[in-house]
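Note sheet for the following structure.
The values are calculated or read from the model by the stated rules, or taken from the named source; none is laboratory data. Note that the structure is predicted; figures quoted are calculated from it, not measured. Note: ideal-geometry Cβ built from the backbone for every residue, glycine included; neighbour counts use all protein chains shown.
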Amino acid sequence: MSMYQVIARKYRPHTFSELIGQEHVRTTLENAISQQRIAHGYIFAGQRGTGKTTIARILARCLNCVEGPTANPCGKCSSCIETPLSGAPDVIEIDAASNRGINEMRELRENVRYSPSRDRYKVFIIDEAHQITNEAFNALLKTLEEPPEWAVFVLCTTESHKIPTTIGSRCQQFSFRSVDFQEVVSRMEWICGQEGITADPEALAVIAQAGEGSVRDSLSALDQAIACCGDNLGGQAVRDLLGMYSLASLERVTNGLEENSTSAMLDIVAELESAGKNLQHFCRELARYFRNLLVARITGKDTRLIPASGQEQVRMRDVAARFSEEDLTRWLQLTLDIYGQLQYSLQPRLHLELGLMRLVHAGRMKPIEDALRELTAAAPARTAPPAQQPPPAARPQSAQPQPPPVSRAISAPAVSRPAAPPPPPPPPAAARPAAPAGPLKDRLIAELKEIRAGAMTVQAVEDSQLIESPAGVEFIATRAAKMGLMSKDLDRALTKLMGRAVKATITINETAAAPPAARAAEDAGGAEEARQRALAHPDVQKFQEMFPESQVRGVRDLKEYEP
Ligand SMILES: Nc1ncnc2c1ncn2[C@@H]1O[C@H](COP(=O)(O)OP(=O)(O)OP(=O)(O)O)[C@@H](O)[C@H]1O
Ligand SMILES: [Mg+2]
Ligand SMILES: [Zn+2]
């Protein structure tokens, strides 16, 4: 005879003991009631569908039970029976979303002045309280400043920051938290039992995940699932219905990332498209997945922070262990960016493809610790070369003699000048064209003049000795020539000349004649020399290749650190 009642309403708790989650709210209110310390104003703030209105009604029921105020209402008196049905005369529910104006609040103020018509308290439950207008808030404030003894206000809101502090400071505030995944699952198991519905554990897990900690959203999704699948809820059917993705399908992305495969990403998008999936929805699920992987990686054990069953958590930990925290963080950030872009995109497919390929490119950066470990492992014992030996012509790629070791050989104070931007990395050997004939220096000077480079640069090249190697071109120059060699013109000319980006390194030749002014600054010169030697060191160069964005900010004598 009765119409179908949605599960969320049918199973709205009428007593504290039926609640899940919100233990802190529950115990504080239970204590206050049993100690008869009832406030005139309460603010229930927090995520939607987590029990604000429900607890407001439970509070009203506790206050007005004929046997009350009591934390355990009798359940038989008129107030106990009528309050949950919104039929109690002294429980006034106001939806501020539709009654937000000053007139309504004036009416309310009038109403407050009259004593309860039947019960002990007049309880005003104001839903969506953040929507009240400023004038109306002022009217409410007057009431809260001098409330009649029988008045209790409960302001429910999902946006507590929009409640004026003048109001907030006159109320007791409770923040409602999203309800634990496992508790929501158990609650739904119980409800399914009551309703005679069988459900796969997986189906309920998917529904709870879709609810994101909101009990109402989960119960609505459960309604939807029952409407669609009947009395038997299967995991896959529910997943399809709610547009959720299995771990297996999300793992295709992480597999693609592990294999550095952009084509895997294109395949994934193509399949989503042909299955008619909402790409933005997929992206949201992917972001959640990365977030869960990150949490799994950080905590390393089962945690309530991940809304998933124990089995699924194990699986996520396995995947997460294959990546670094930094990788996962970066991917999460990028996925959120894609999600944002998809919101406005007219070409969602293109955006998602581009975005997923970007994940591949951004991925798998070496953690700095690993890089350092490799460096130290690779460094063989070296001996210092004789003094005044001309700087080496070759760079690490070649098997030429090693330049002077940097460790402990540098005896210079710290230099704290910012380094020039790092030169572009040398291309792979196969891409290198044969250099055209003629002395490099002459061709370079001609090229510099061709592109109208600065006179200082031309002069500096003329004054330098050039050594070409597979790794680039080394300029051995006086200190005075250095500024000219650091110019962009030189990079451009070299690039044009060689047909590719070329790494130019500068080595200061101490034996070359230096102008008197430079001699005066002998100390600074020592520092500069140390700096150049440090920059020329293969470990430093290798490091700069690994981390192209890195800069040498200072060179310090390791002896300073010796005990
Ligand atoms: N803590 C809870 N324990 C048990 N059931 C809950 C809980 N919170 C919410 N529910 C279920 O969700 C439904 C909606 O809850 P309620 O109206 O209290 O949410 P709300 O926090 O007021 O949400 P909104 O911010 O959207 O108004 C309830 O009818 C009940 O079935
Ligand atoms: Mg509510
Ligand atoms: Zn009662």
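Apart from one condition, residue 21 fits all of (1) in a loop (DSSP other than H, G, I, E, B); (2) within 14 Å of ligand 1 (Cβ to nearest atom); (3) on the phi < 0 side of the Ramachandran plot; the exception is (3). Among the residues of region 150-171, just one is exposed (fewer than 14 other Cβ atoms within 10 Å of the Cβ), hydroxyl-bearing (Ser, Thr, Tyr) and in a loop (DSSP other than H, G, I, E, B), namely 169. Checked against (1) more than 16 Å from ligand 2 (Cβ to nearest atom); (2) of a type outside the set (Val, Ile, Thr); (3) loosely packed, with under 14 Cβ neighbours inside 10 Å, residue 136 passes all but condition (3). Is it the case, given these coordinates, that residue 237 is of a type outside the set (Val, Ile, Thr) and not assigned by TED's automatic domain parsing to the domain that holds residue 358? It is true that residue 237 is of a type outside the set (Val, Ile, Thr) and not assigned by TED's automatic domain parsing to the domain that holds residue 358. Out of the residues in region 80-98 meeting the condition of being assigned to a strand (DSSP E or B) and within 14 Å of residue 119 (Cβ to Cβ), tell me which one is nearest to ligand 3 (Cβ to nearest atom). Of everything passing the filter in region 80-98, 91 is nearest to ligand 3 (Cβ to nearest atom).
Give the residues of region 1-29 that are within 16 Å of ligand 3 (Cβ to nearest atom) and charged (D, E, K, R), sorted by residue number. Residue satisfying the conditions is 18 alone.
Quick grid of which residues meet (1) touching a helix residue (DSSP H, G or I) at 6+ places or on another chain (Cβ under 8 Å); (2) modelled with pLDDT under 80; (3) loosely packed, with under 15 Cβ neighbours inside 10 Å:
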| residue | (1), (2), (3) |
| --- | --- |
| 445 | yes, no, no |
| 448 | yes, no, no |
| 460 | yes, no, no |
| 463 | yes, no, no |
| 470 | yes, yes, yes |
| 477 | yes, no, no |
| 483 | yes, no, yes |
| 526 | no, yes, no |
| 539 | yes, yes, no |
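Quick test of your reading of the structure: residue 38 fulfils all but one of (1) surrounded by fewer than 21 Cβ atoms within 10 Å (Cβ to Cβ); (2) within 16 Å of ligand 1 (Cβ to nearest atom). Name the failing condition by number. Tallying (1) surrounded by fewer than 21 Cβ atoms within 10 Å (Cβ to Cβ); (2) within 16 Å of ligand 1 (Cβ to nearest atom), residue 38 fails exactly one: (2). State whether the residues of region 42-65 include one that is at pLDDT 95 or above, farther than 27 Å from residue 10 by Cβ and either within 14 Å of ligand 2 (Cβ to nearest atom) or not in a loop (DSSP other than H, G, I, E, B) (or both). Within region 42-65, one or more residues are at pLDDT 95 or above, farther than 27 Å from residue 10 by Cβ and either within 14 Å of ligand 2 (Cβ to nearest atom) or not in a loop (DSSP other than H, G, I, E, B) (or both). Taken together, the residues in region 99-123 that are at pLDDT 90 or above and in a helix (DSSP H, G or I) amount to 0. Annotation note: Cβ proximity below 8 Å between a residue of region 209-227 that is at positive phi and a residue that is more than 9 Å from ligand 1 (Cβ to nearest atom) and of a type in the set (Phe, Trp, Tyr) (sequence gap 6+ or interchain) occurs for 213/181. Restricting region 144-190 to residues that are within 16 Å of ligand 2 (Cβ to nearest atom) and among the charged types (D, E, K, R) leaves a set whose member that is farthest from residue 219 (Cα to Cα) is 162.
Only one of the listed residues (102, 81, 94) is farther than 22 Å from residue 177 by Cα and within 16 Å of ligand 1 (Cβ to nearest atom). That residue is 94. Looking across region 265-285, the residues that are in contact with a Lys or Arg (Cβ under 8 Å, 6 or more places away or on another chain) and buried (at least 18 other Cβ atoms within 10 Å of the Cβ) come down to 268, 269, 279. Residue 291 - would you say it is modelled with pLDDT of 90 or more and under 29 Å from residue 346 (Cβ atoms)? So residue 291 fits the description; yes.
Can you tell me which residue within region 124-137, out of those that are not polar (S, T, N, Q) and not in a helix (DSSP H, G or I), is modelled with the lowest pLDDT?
132
Taking the condition aliphatic (A, V, I, L, M) and touching a Gly at 6+ places or on another chain (Cβ under 8 Å), does residue 257 pass? Against the criterion (aliphatic (A, V, I, L, M) and touching a Gly at 6+ places or on another chain (Cβ under 8 Å)), residue 257 qualifies. Among residues of region 23-41 being more than 42 Å from the chain's Cα centre (by Cα) and either without any contact (Cβ under 8 Å) to a residue 12 or more places away in the chain or under 13 Å from residue 174 (Cβ atoms) (or both), the one that is farthest from ligand 2 (Cβ to nearest atom) is 35.
Applying a threshold of 6 Å to beta carbon distances and a minimum spacing of six or more residues, or different chains, the list of pairs starting in region 138-149 at a residue that is in a loop (DSSP other than H, G, I, E, B) and ending at one that is not basic (Lys, Arg) reads 147/40. In region 63-79, is there at least one residue being at positive phi, within 16 Å of ligand 3 (Cβ to nearest atom), surrounded by fewer than 18 Cβ atoms within 10 Å (Cβ to Cβ) and in the same structural domain as residue 34 (by TED's automatic domain parsing)? The answer is yes, given that some residue of region 63-79 is at positive phi, within 16 Å of ligand 3 (Cβ to nearest atom), surrounded by fewer than 18 Cβ atoms within 10 Å (Cβ to Cβ) and in the same structural domain as residue 34 (by TED's automatic domain parsing). Test residue 254 against the criterion of being outside the structural domain of residue 49 (by TED's automatic domain parsing) and surrounded by fewer than 20 Cβ atoms within 10 Å (Cβ to Cβ), and give yes or no. Answer is no for this residue.
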